[in-house]
Amino acid sequence: MVYRYRFSRPFRTDSVVCLPDDAKFFFDDVDVPFGKVSVDSGFEFKLELLDDDIVFGLGEAMGGINKRGRIYRSWCQDEPNQVEDKASLYGAHNFILVHSPSKNENFALYFDYPGLVTFDMGFTEHSLMSVRIERAALDLYVIKSESGALSDTVSIFRRMIGESYTPPFWAFGYMQSRWGYGSESDLTDVLENHRKHSIPLDAVFLDIDYMKDFRNFTVDGGKFSDFERTIRKLSEGDVHVVPIIDAGVKADVNEDSVCADGVKNGMFCRKKDGSLFSAGVWPGPCHFTDFLNPEARRWFGSFYRMFTDAGIDGFWNDMNEPALFYSEEGIKKLASNVKDAFSDEKNAGRNLWRVKDAVLAVQNSEDDYRSFYHSVDSETAGSLAESIASDGKALVRHDLVHNLYGFNMTRAASEFFSENVPDRKILLFSRASYIGAHRYGGIWTGDNCSWWSHLELCIRQLPSLNMCGFLYSGCDLGGFGSNVERDLMLRFLSLGVFTPLMRNHSALGTREQELYRFGGTEDFAAIVKFRYRMIPYIHSQFEKCVSESKMLFRPLSFDYQEDTAALEVEDQLMFGEDLMICPVYRPNATGRTVYVPEEMTLVRCGIGSGLDAGSPEKKTVGRGFHHIKCRTDQIVFFIKKGRKIPVCESAMNSAKIDTKKIELW
Ligand code: MIG
C-alpha cells in the first residue's frame with residue numbers, strides 16, 4: 001500500500017514516476033500513520049523507536065546498514081575526507097525502511113524534497129527518530145507491503161521510482177582508472193601492461209588531464225596527436241575509453257566556445273540581480289548549466305556528441321554536487337577575516353585557528369549555494385518559487401533544490417544518448433545523485449581512501465544503494481586517497497568481483513595501484529579472471545533485479561527475516577538469488593568469522609581451483625558462526641542450499657566471453 005501525504009505545493013523532482021492504482025492521496029494532512037508530523041516552522045516527522053527497531057536506507061551514506069544512532073544530512077556534498085562522523089556524501093537518498101522485529105512489522109518512508117533533509121536517527125534521543133526539513137513543501141510517501149517481507153516493501157518503492165539504468169555488457173568488465181591519465185601514451189601503457197601480465201581489461205578512463213586547461217568538451221592536442229585514432233586503436237583491442245565530464249563550464253566567453261554559446265543562449269544559472277553566477281573549480285571561474293531547465297539539459301547534452309562521434313561509448317560525470325572551490329565573494333570575505341585575525345598582533349597566534357576554519361569555509365559554502373538561481377516553470381517550482389520572472393518562469397534559489405543538480409546533469413547526458421545515439425548502449429555514471437537519477441545512470445561512491453574501514457564501508461553502502469534504485473555502482477577499488485598496500489588492494493579487488501561497477505581508481509600523488517605495480521601480479525590477475533568467469537551470472541542477476549525491481553545486494557535479514565542473529569550482520573551480504581558473500585576486510589587476515597543462517601555450500605576458489613580456471617573446493621556447512629579460511633589469493637562465498645550457479649571460462653575481455661562453455665557449480 002502506498003500513501004502519499006502532500007504538504008503545500010512541492011517542487012516537482014521527477015523522482016517518483018508511477019504509483020500503484022490503489023495509492024491513497026492526502027493533502028496537508030498531518031495525520032500520518034506510524035509517526036507524528038508537525039508543520040509549524042518547517043516540517044518535522046517524529047517516530048518513537050523500540051530498542052530493537054532497525055532503520056535501513058539512506059542510500060549513499062556513512063554509518064551502518066542499520067542507520068540508528070547518528071545524524072545524517074541529505075545534502076550532495078563533495079567529500080574527499082570520508083571520516084566516520086561525516087553526515088553527508090555525494091548522494092541525497094531520502095528513503096528509509098523501519099523494521100520492528102518485535103512487532104513483526106515494517107514500513108518505508110520516502111521524503112521527496114530536493115533541499116537539505118536532516119535525519120536524526122536516535123542520536124539526540126536514543127528512542128526517537130526525527131526528520132526535519134526547513135520548508136514544509138514535500139511529498140511524504142508511506143509504504144507498506146502486504147506480505148510484510150522487507151524485500152517486498154523495497155520493491156514497491158522501486159517500482160514507484162522507475163526502472164534502474166542498465167549499462168552495456170562490457171561495463172561489467174574490469175576497468176582501470178587513475179587521476180593523472182590524460183594522454184595517448186597513458187592509455188596505451190595501461191593496455192599493454194594489462195596484456196603483458198595477462199590481466200583482463202575492458203576499459204581505461206580519462207580524468208581531467210585529457211582536457212585543454214580543464215575545459216569541458218575539449219581534448220588537449222598536445223597529449224593526443226589524433227584522438228579518434230587512439231580511441232579506434234583501443235577499441236580494436238576491445239578496450240573502451242571513458243572520459244570524465246565536469247559540471248562547471250569555464251567562464252571565458254572569448255576563448256571557450258561552450259561558454260560563449262551558453263551565455264548567448266541563457267543556459268547558465270544567474271544571481272538575483274540577473275548577472276551570471278560563477279565559482280572556481282578546476283578550470284578557474286566557471287559557469288553552471290541550469291540543469292533543472294529542460295532546454296539547458298538538451299543544450300549541455302548535445303556537447304557529448306563530439307565524443308560519441310569519435311567512437312566513445314562511456315562517460316563519468318564528476319563535480320556535479322556541484323562542487324564549488326571558491327567564489328569571488330567568498331575570497332573577499334576570507335581576506336577580510338584574515339586581515340581582522342592578524343590586525344591584533346598580540347593574539348595573532350591564537351587566531352590562527354580562526355583563519356584555518358575561514359580558509360576551509362570558502363569551499364562549497366552555504367553562502368555560495370544561496371547566491372544563485374534556477375529558472376523553471378511555475379508548476380515545477382511550486383511553493384519553492386521565490387519570484388516569477390518576466391518570461392513567466394519561476395526563480396528558485398539553488399540551495400532549496402541543491403540535491404537535484406547532479407541528477408539532472410546525468411539526465412542531460414542520458415537524454416542526449418537515448419535521442420541521438422539510440423542504437424548504442426552507453427556507460428554513464430555520476431558522482432552526485434538524487435533518487436530518480438538511478439534511471440539515467442549509475443553512481444560511484446566518490447573519494448574513499450585506501451583504508452580498511454572504507455572497504456568495510458562499501459560493503460554496507462551496497463545494499464542501501466540498491467534499496468534506492470542504484471544498482472550499477474561500486475567504490476574506487478584500492479581506495480582513491482592514501483596509499484594502498486598489496487593486502488588491501490587484493491581484498492578490495494575481491495569485493496569488486498561482485499560489484500557491477502568494478503573499477504580501480506586512485507588520486508594523483510598516491511601510490512600507483514595498477515594491479516601490475518605489486519609483486520605477485522598473478523594473484524591479482526587470477527581474481528580479475530574469476531570476475532570474468534562470473535560475468536554471465538552477475539549480468540543476468542543484475543538484469544533480473546532491474547526488471548523485477550529487486551536488490552542485487554541485500555542485508556542477510558532480508559532473506560532471513562525471523563533470524564535474530566542475521567539482523568545484526570553488517571559485513572556479509574546476500575547476492576542475487578543464490579549467493580552469500582563474506583568479504584575479508586581486516587589487515588593481515590587469513591580468514592574471518594562468517595554467520596551462516598542456514599545450511600549452505602561453502603565455495604573456495606584459488607589459483608587453478610576455480611579462480612582463473614578449474615573447479616573450486618566445496619563443502620556443506622550448517623547454520624551458525626564459522627571461522628572460514630580465505631587467503632588473499634582465494635575467494636570464498638556461499639551458495640544457498642539446492643541452488644547452482646553458472647560459471648564460464650575466463651576471458652581477456654567481455655567480448656571474448658563464451659557463454660556456451662558453462663559449468664554449473
Ligand atoms: O577535485 O578529476 O571524485 O574521482 O579523480 C577532485 C579528479 C576532482 C574528484 C573525483 C575523482 C577524480 C578527481 N575529482
| Going by the structure shown, is D40 of a type outside the set (S, T, N, Q), modelled with pLDDT under 95 and either more than 30 Å from I443 (Cβ to Cβ) or surrounded by 15 or more Cβ atoms within 10 Å (Cβ to Cβ) (or both)? | yes
| note | Residue hits (the stretch 614-634; of a type in the set (V, I, T) and part of a strand (DSSP E or B)) are T620, V621, I628
| task | Look through the stretch 433-464, keep the residues that are of a type in the set (V, I, T) and away from the ligand (no atom under 15 Å from the Cβ), and return whichever of them is nearest to S506 (Cα to Cα). | result | I459
| request: Could you pull out the residue among E543, E522, E512, E562 that is more than 30 Å from H99 (Cβ to Cβ) and more than 16 Å from the ligand (Cβ to nearest atom)? | output: E522
| query | Checking M467 against (1) crowded, with 24+ Cβ neighbours inside 10 Å; (2) more than 16 Å from the ligand (Cβ to nearest atom); (3) over 28 Å from S540 (Cβ atoms); (4) more than 11 Å from the chain's Cα centre (by Cα), which single condition isn't satisfied? | reply | (3)
| query | Regarding V569, is this residue part of a helix (DSSP H, G or I), closer than 25 Å to G478 by Cα and in contact with a helix residue (DSSP H, G or I) (Cβ under 9 Å, 6 or more places away or on another chain)? | reply | no
| note | Note on the stretch 5-29: residues in a loop (DSSP other than H, G, I, E, B) and among the aromatic types (F, W, Y) are F11
| message | Let me spell it out: the conditions are (1) crowded, with 24+ Cβ neighbours inside 10 Å; (2) within 16 Å of the ligand (Cβ to nearest atom); (3) more than 26 Å from Y532 (Cβ to Cβ), and S482 meets all of them except one. Which number is the exception? | response | (1)
| remark: Scanning the stretch 47-100 for residues that are of a type in the set (F, W, Y) and away from the ligand (no atom under 16 Å from the Cβ), the one farthest from V569 (Cα to Cα) turns out to be W75
| Among (1) part of a helix (DSSP H, G or I); (2) out of contact with any Gly (no Cβ under 7 Å at 6 or more places or on another chain); (3) of a type in the set (S, T, N, Q) - the single one T601 does not satisfy | (1)
| message | Taking the conditions exactly as written (surrounded by fewer than 23 Cβ atoms within 10 Å (Cβ to Cβ), modelled with pLDDT of 95 or more and within 12 Å of the chain's Cα centre (by Cα)), does G442 satisfy them or not? | response | no
| Name the residues in the stretch 408-432 that are within 16 Å of the ligand (Cβ to nearest atom), under 18 Å from A171 (Cβ atoms) and not basic (K, R), would you? | T410, L427, L428, F429, S430
| message | Quick check on M319: is it on the phi > 0 side of the Ramachandran plot and aliphatic (A, V, I, L, M)? | response | yes
| So, of the residues in the stretch 449-483 that are among the aromatic types (F, W, Y) and in contact with a strand residue (DSSP E or B) (Cβ under 9 Å, 6 or more places away or on another chain), which turns out to be nearest to F172 (Cα to Cα)? | Y472
| request: For V30, indicate whether it is more than 21 Å from A381 (Cα to Cα) and surrounded by 13 or more Cβ atoms within 10 Å (Cβ to Cβ). | output: yes
| query | Can you find even one residue in the stretch 71-80 that is on the phi < 0 side of the Ramachandran plot, buried (at least 24 other Cβ atoms within 10 Å of the Cβ) and either assigned to a loop (DSSP other than H, G, I, E, B) or in contact with a His (Cβ under 9 Å, 6 or more places away or on another chain) (or both)? | reply | yes
| remark: Among helices (runs of 4 or more DSSP H) entirely inside the stretch 240-354, those with 1 or more residues being under 27 Å from the mean Cα position of the chain (by Cα) and either surrounded by fewer than 20 Cβ atoms within 10 Å (Cβ to Cβ) or within 16 Å of the ligand (Cβ to nearest atom) (or both) are 294-302, 305-309
| query | Which pairs have Cβ atoms under 8 Å, sit 6 or more apart or on different chains, and link a residue in the stretch 151-170 that is in a loop (DSSP other than H, G, I, E, B) to one that is modelled with pLDDT of 95 or more and among the polar types (S, T, N, Q)? | reply | E163/S547; E163/S549; Y165/S414
| message | Out of everything in the stretch 635-665 that is aliphatic (A, V, I, L, M) and part of a strand (DSSP E or B), what residue ends up being surrounded by the fewest Cβ atoms within 10 Å (Cβ to Cβ)? | response | L664
| Does G221 meet the test of being surrounded by fewer than 20 Cβ atoms within 10 Å (Cβ to Cβ) and at pLDDT below 95? | no
| query | Applying the selection to the stretch 180-216, what residues are within 16 Å of the ligand (Cβ to nearest atom), surrounded by fewer than 19 Cβ atoms within 10 Å (Cβ to Cβ) and not in a helix (DSSP H, G or I)? | reply | G180, S183, K212, D213, F214
| note | Y585 vs (1) outside any strand (DSSP E or B); (2) in contact with a Ser or Thr (Cβ under 8 Å, 6 or more places away or on another chain); (3) among the hydroxyl-bearing types (S, T, Y): all pass except (2)
| note | Expected output for the stretch 91-114 (first residue within 18 Å of G436 (Cα to Cα) and in contact (Cβ under 8 Å) with a residue 60 or more places away in the chain, partner among the charged types (D, E, K, R) and part of a strand (DSSP E or B), Cβ below 6 Å, 6+ apart or cross-chain) is D112/D139
| query | Could you list, in sequence order, the residues of the stretch 81-104 that are more than 16 Å from the chain's Cα centre (by Cα) and outside any loop (DSSP other than H, G, I, E, B)? | reply | I96, L97, V98, H99, S100
| task | Determine the pairs where a residue that is under 17 Å from E522 (Cα atoms) and of a type in the set (A, V, I, L, M), located within the stretch 471-497, has a partner that is in a loop (DSSP other than H, G, I, E, B) and away from the ligand (no atom under 16 Å from the Cβ) with Cβ atoms under 6 Å apart, the partner being 6 or more residues away or on another chain. | result | L490/T632
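The values are calculated or read from the model by the stated rules, or taken from the named source; none is laboratory data. In this text the structure is predicted, and so the values were computed from the model without any measurement. We place every Cβ from the backbone using ideal geometry, glycine too, and count neighbours over all the protein chains shown.
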